[in-house]
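The values are calculated or read from the model by the stated rules, or taken from the named source; none is laboratory data. Given the structure is predicted, the values throughout are model-derived calculations rather than measurements. So basically every Cβ, Gly included, is an ideal-geometry build from the backbone, and we count neighbours across all protein chains shown. Keep in mind that these areas ignore ligands, DNA and RNA; they rest on the heavy atoms of the full protein, side chains included. Shrake-Rupley method; radii C 1.70, N 1.55, O 1.52, S 1.80 Å.
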Amino acid sequence: MLHQLIYGYYLYHDSNTMQWYHEDHSPDVYDRVLLGLVINLGIKIGFAF
C-alpha cells in the first residue's frame, strides 16, 4: 500500500522555489494498492550443519 502526500511541484529540477497546489498548503492525498514482484539477488554465505 502506498500513501502519498503531494504538496506542490518545482518549476525546474535545480530550483529552490516550490509552487503549491493549494493556497492553504494542504496536500493532495493518494492511497494506492500496488502489486509488485520481489526478487532476491545476492550471495548467501554459510555452512551447513
Residue by residue through region 1-31, note down the ones that are at pLDDT 90 or above, open to solvent by 90 Å² or more (accessible area, probe 1.4 Å) and of a type outside the set (Phe, Trp, Tyr).
HIS3, GLU23, ASP24, ASP31
Going through region 15-46 in order, the residues found to be part of a loop (DSSP other than H, G, I, E, B) and under 18 Å from HIS3 (Cβ atoms) are TYR21, SER26, PRO27, VAL33, LEU34, LEU35, GLY36
Inter-residue pairs, beta-carbon under 9 Å, first of a type in the set (A, V, I, L, M) and in region 32-46, second open to solvent by 100 Å² or more (accessible area, probe 1.4 Å), 6+ apart:
VAL33/MET1; LEU34/MET1
